[in-house]
Amino acid sequence: MNCLPPKTHWGLGLALLLGTFAVLDGPVVRVAQAQTAGGPDTLTFARATRLLLDHNPQLRAARARAQADGQRAQAAALFPNPILEGSAEHTSRPNGGADDEWFLTLTQPLNYPGEQRARRQSADAATRAAKARLQETRTALYRDLRHRYLAVVAADARRRLLRRYADAVQQAARAATVRYEEGDLSPVRRTRLQSAEATFTNDLADAEQQHRAARRELAALLRPSRTAQSEGLPYAVVDSLSFRAVAVDAQAALSVAEAQRDRLRARRARVERARRALERTRYQRYPDLSLSAGPKQLSTPGGTALGFTAGLQVELPLWDGGRTAVAAQEGRRSQAEAALDATRRAVEVDVRNALDRLRSYRDRLQDTADSPLRKTDEHLQDALFTYEQGELTLFELLDAIEAARQTKLLRVRLTAKYLRALYDLEAAMGVGPQDAPVVVEGALSPHAPDL
């Protein structure tokens, strides 16, 4: 192929193409750095976290549920209410007149020594379980927030990257049209370039749509209830992806999860509640006792007299001796203990799976950074120059452009998956929005593990 004249429209288009791809030579993924502070219309991750804690409806529902469960448990631990009863008796005399009696009786059910303590301890365990479930919900929503915030940042990175490549190919296509009209470009090559332009433009449109969808999903977590969903996210997210290799010891991570994971805390509290409830239920094998007392008034034709009544009521356990209730509660205790064991295993799987994904994506990112793929932009510049000199075909040039584009997109995709693995690891260890970070600060700044 002959060298193109430098002052033709085609030569000008290639010059623009070279300039555009020179801009693309910068890194898509930056080294880990502090997140942007941002202005009043900028959504930093710290600001997003505050909005989540203030406005998320799932978190509000979890708080209300935890409060209701705690109050219900405390109500069950209170002493039985006394019963106030008023009654009257009228007895007619055979010789005329009548005897009238009025009774006012206060009856108080009694607990055996230790029974009320078991009730109170069971209620305290139920309250702890409710609080732990709330914390687990908060941690899960925090991880979801990280995922959605990252989705916006990654979608924006893909969108900007694809826009640059689409603009560059469109410039080349416009120059090719001029050359085709001048008779210097074959229909086959022009069609190939138009096909590449259509592909790049379509990919850009998909990226724009994905970016809008990611912003809506993030807004759904954060917006106040009075804000319409159609308004979307009223803030600009200006953060960028960052990569820093992080190595985490599996046993240390499992130890943190065992001690800190709220899902396990809730299960342990449920086991404690079931054990205390069993202690309380064992008292059902004894007769129920009630003490009653109150004033009495007797009116007869001869006058009126005051007195009192006192009594002790003892339930006769003829049909239900409490053994069935004890057996049922023993079954619930065994169920709670088995559920704790299953949860402990599930948490271990969560931690190990997150660590496996973390190592996999970290190694792949390091491989792409250390391999010839990191020189894709340099190779693309060489391909553009070689094509301008007439030593490279159009098809080879388009292949070089596509290879560079896919390499940068791969880097964005791997970094996003690497960060998600960090989020999942912290969530598996029970790190919530109010806890100190372990392997990632906020959403986009990995750091050495603090275990």
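Matching residues to (1) surrounded by 13 or more Cβ atoms within 10 Å (Cβ to Cβ); (2) at pLDDT 80 or above:
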residue: A175; (1), (2): yes, no
residue: F200; (1), (2): yes, yes
residue: D203; (1), (2): yes, yes
residue: L218; (1), (2): yes, yes
residue: P224; (1), (2): no, no
residue: S230; (1), (2): no, no
residue: L241; (1), (2): yes, yes
Residue check: is E315 touching a residue at least 12 places away in the same chain (Cβ under 8 Å) and exposed (fewer than 14 other Cβ atoms within 10 Å of the Cβ)? yes
Just to be sure I understand the filter: pairs with C-beta atoms under 9 Å, separated by 6 or more residues or on different chains, first member in segment 151-176 and at positive phi, second member among the aliphatic types (A, V, I, L, M) and in a helix (DSSP H, G or I). Which pairs pass? none
For V412, state whether it is within 22 Å of Q366 (Cβ to Cβ) and either crowded, with 17+ Cβ neighbours inside 10 Å or modelled with pLDDT of 95 or more (or both). yes
Among the numbered criteria (1) out of contact with any Lys or Arg (no Cβ under 8 Å at 6 or more places or on another chain); (2) over 30 Å from R276 (Cβ atoms), which one does L365 miss? (1)
Take A421 and tell me if it is in contact with a Leu (Cβ under 6 Å, 6 or more places away or on another chain), crowded, with 21+ Cβ neighbours inside 10 Å, modelled with pLDDT of 90 or more and more than 16 Å from A252 (Cβ to Cβ). yes
Condition check: touching a Leu at 6+ places or on another chain (Cβ under 6 Å), farther than 19 Å from F79 by Cβ, buried (at least 16 other Cβ atoms within 10 Å of the Cβ) and modelled with pLDDT of 90 or more. Does R267 satisfy that? yes
Cβ-Cβ under 9 Å pairs, at least 6 apart or on other chains, segment 61-82 side aromatic (F, W, Y), far side surrounded by 14 or more Cβ atoms within 10 Å (Cβ to Cβ) and assigned to a loop (DSSP other than H, G, I, E, B): F79/N111
A140 in contact with a helix residue (DSSP H, G or I) (Cβ under 6 Å, 6 or more places away or on another chain) and in a helix (DSSP H, G or I): no
Within the bounds of segment 348-368, is there any residue that is at pLDDT 85 or above, farther than 30 Å from L409 by Cα, assigned to a strand (DSSP E or B) and aliphatic (A, V, I, L, M)? no
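Condition check ((1) within 20 Å of the chain's Cα centre (by Cα); (2) at positive phi; (3) not hydrophobic (A, V, I, L, M, F, W, C)) across all residues:
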{"site": "E388", "(1), (2), (3)": "no, no, yes"}
{"site": "L409", "(1), (2), (3)": "no, no, no"}
{"site": "V412", "(1), (2), (3)": "no, no, no"}
{"site": "A421", "(1), (2), (3)": "yes, no, no"}
{"site": "E426", "(1), (2), (3)": "yes, no, yes"}
{"site": "Q434", "(1), (2), (3)": "yes, no, yes"}
{"site": "G442", "(1), (2), (3)": "yes, yes, yes"}
{"site": "H447", "(1), (2), (3)": "no, no, yes"}
Do we have Q297 as over 17 Å from W102 (Cβ atoms), surrounded by 11 or more Cβ atoms within 10 Å (Cβ to Cβ), in contact with a strand residue (DSSP E or B) (Cβ under 6 Å, 6 or more places away or on another chain) and not hydrophobic (A, V, I, L, M, F, W, C) here? no
What is the residue count in segment 137-166 for residues that are among the acidic types (D, E), buried (at least 21 other Cβ atoms within 10 Å of the Cβ) and within 25 Å of A436 (Cβ to Cβ)? 0
Go through segment 189-198 residue by residue and tally those that are of a type in the set (G, A, S) and buried (at least 17 other Cβ atoms within 10 Å of the Cβ). 1
Any hit, segment 271-290, residues being touching a Leu at 6+ places or on another chain (Cβ under 9 Å), surrounded by 15 or more Cβ atoms within 10 Å (Cβ to Cβ) and closer than 30 Å to Y142 by Cβ: yes
Among the numbered criteria (1) within 30 Å of L444 (Cα to Cα); (2) surrounded by fewer than 20 Cβ atoms within 10 Å (Cβ to Cβ), which one does S186 miss? (1)
In the list R212, R216, R174, which residue meets the criterion of being out of contact with any Ser or Thr (no Cβ under 7 Å at 6 or more places or on another chain) and either farther than 25 Å from R413 by Cα or outside any helix (DSSP H, G or I) (or both)? R174
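The values are calculated or read from the model by the stated rules, or taken from the named source; none is laboratory data. Remember, it's a predicted structure, so these values are computed and weren't measured experimentally. Cβ sites come from the backbone with ideal geometry, for glycine too, and all protein chains shown count toward neighbours.
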